[in-house]
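As structure tokens, the structure follows; a few thoughts come after it.
Each value in this text was obtained by applying a stated rule to the coordinates, not by laboratory testing. All values derive from a computational prediction rather than experimental measurement. Here the Cβ positions follow ideal geometry from the backbone for every residue, glycine too, while neighbour counts run over all protein chains shown.
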Amino acid sequence: MTASAAFRLDRVSVTFNGTAAMHEVDLSIAPGEAVAFVGPSGAGKTTFLRLLNATQRPTGGCVRVDGRCLGTLSSKELRALRSRIGFVRQDLALVPNVRVIHNVLAGRLGRMGLLQSLRAMTFPSQAMSMAAHEILERVGIGEKLYERTDTLSGGQQQRVAIARALCQQPTALLADEPVSSVDPARARDTVALLTRISRAEGLTLCMSIHNVELAREFFPRLVGLRGGRVAFDDAPDAIDAAQLADLYRLSAAEMLADGA
């Protein structure tokens, strides 16, 4: 079983063009923990995930992964860290006109040199092909190994993106709204799959998700974000309807912007 990552934010702030997206947030995530981030659009959920995989730098405070402050790491060390953190993006970021095997094996490229990467993507070895097939079997689409990615359904492409993240042999899985573009049945299947795999592999799992009911069903810890601040951080049973209503209540400015 792969060692799992630990994350910690110490008074972390993020500002974009003078606008604060996150305000001095303190938060710790233990190795192997599964955490769902919920909140309205613009609450800071995607920013939070990008901080954890070091694709977003804080403008204040310190983000730590396994005790190491990311601001002290070299570019080479940051690339190595990112190669160990699987990220399932909302837009999936798959290459549509290539076979599934190539999209899955792309998860390994962060740990390879240029020539090795070109060889793996052009003529995958038998061992790499078998590894990709085994991962696709785990996500339920092993038979799609050699099909073109753009011939798959949306739900199947989503599983390819998950398989690519698993191919990294990650210590953590981050998923940014992975069920926003699928129907309710597939959404539940996807969340169930991600939580089941993370438990089986002992991976830390952090997911941003709009569907609060799915978050309550599958995650033992919910963090509510609003306006770049932590509104609550607790077990699902400890979060009441009033807290959720406050989390999603429109401000006066938002109501004016929506024409309310």
Query raised in the report: Between the range 112-191 and the range 202-220, how many Å separate their Cα centres?
Result: 20 Å
Query raised in the report: Using the count of nearby Cβ atoms within 10 Å as a rough guide to exposure, how do Arg64, Arg249 rank from fewest to most?
Result: Arg249, Arg64
Requested in this report: Determine the percent antiparallel among the DSSP beta bridges restricted to the chain, to the nearest 5.
Outcome: 55 percent
Requested in this report: Sticking with the crude label model, points 7 Å out along Cα→Cβ, report the distance from Arg82 to Glu137 in nm, one decimal please.
Outcome: 3.3 nm
Requested in this report: Using R₀ = 25 Å, calculate the FRET efficiency as 1/(1 + (r/R₀)^6) where r is the Cβ-Cβ separation of Thr19 and Arg50; round to 0.05.
Outcome: 0.95
**Report entry** In order through the range 151-161: 3J(HN,Hα) via Karplus (6.51 cos²θ - 1.76 cosθ + 1.60), integer Hz, x for Gly, Pro
**Finding:** 8, 7, 6, x, x, 5, 5, 4, 6, 4, 5
Report task. Under 14 Å from the Cβ of Ala131, count the other residues' Cβ atoms, weight Lys and Arg +1, Asp and Glu -1, and hand me the total. Result -> +2
Requested in this report: Could you please rank Val14, Val212, Val95, placing first whichever residue has the fewest other Cβ atoms within 10 Å of its Cβ?
Outcome: Val95, Val212, Val14
Requested in this report: Determine which residues of the range 173-211 fall in the zone a paramagnetic label at Leu73 would reach in this model, i.e. backbone nitrogen under 14 Å from the point 7 Å along Cα→Cβ.
Outcome: 173-174
Query - Identified option (computed Rg and Dmax of the Cα atoms in Å; candidates (i) 18.8, 60; (ii) 21.0, 67; (iii) 20.6, 72) - result: (i)
Report task. Give the long-range amide H neighbours of Phe232: residues separated by 5 or more places, or on another chain, with amide H under 5 Å away, using H modelled in the peptide plane at 1.01 Å from N. Result -> Gly224
Query raised in the report: For the range 24-31, in order, what is each residue's ³J(HN,Hα) by Karplus, 6.51 cos²θ - 1.76 cosθ + 1.60 with θ = phi - 60°, in whole Hz (x at glycine and Pro)?
Result: 6, 7, 10, 6, 10, 10, 7, x
Report task. Could you work out how far apart the two model spin labels at Arg199 and Asp10 are, taking each label as a point 7 Å from the Cα in the direction of the beta carbon, and quote it in nm? Result -> 3.4 nm
Report task. Taking 7 Å along the Cα-to-C-beta vector as the label spot, tell me the Glu147-Asp240 distance in nanometres, rounded to one decimal. Result -> 4.9 nm
Query raised in the report: Looking at Gln169, Met207, Gly228, which one has the Cα that reaches farthest to the positive end of the dipole of the range 169-234 (charges on Cβ: Lys, Arg +1; Asp, Glu -1)?
Result: Gly228
Query raised in the report: Quick one: Arg159, Arg8, fewest Cβ neighbours within 10 Å first, how do they rank?
Result: Arg8, Arg159
Report task. Can you tell me the dipole magnitude for the chain around its Cα centre, using point charges on the Cβ only (Lys, Arg +1; Asp, Glu -1), in Debye to the nearest 20? Result -> 1080 debye
Requested in this report: Give the long-range amide H neighbours of Ala21: residues separated by 5 or more places, or on another chain, with amide H under 5 Å away, using H modelled in the peptide plane at 1.01 Å from N.
Outcome: Val14, Thr15, Phe16
Query raised in the report: What net charge do the residues around His102 carry, taking every other residue with its C-beta under 14 Å from that of His102, with Lys and Arg at +1 and Asp and Glu at -1?
Result: +4
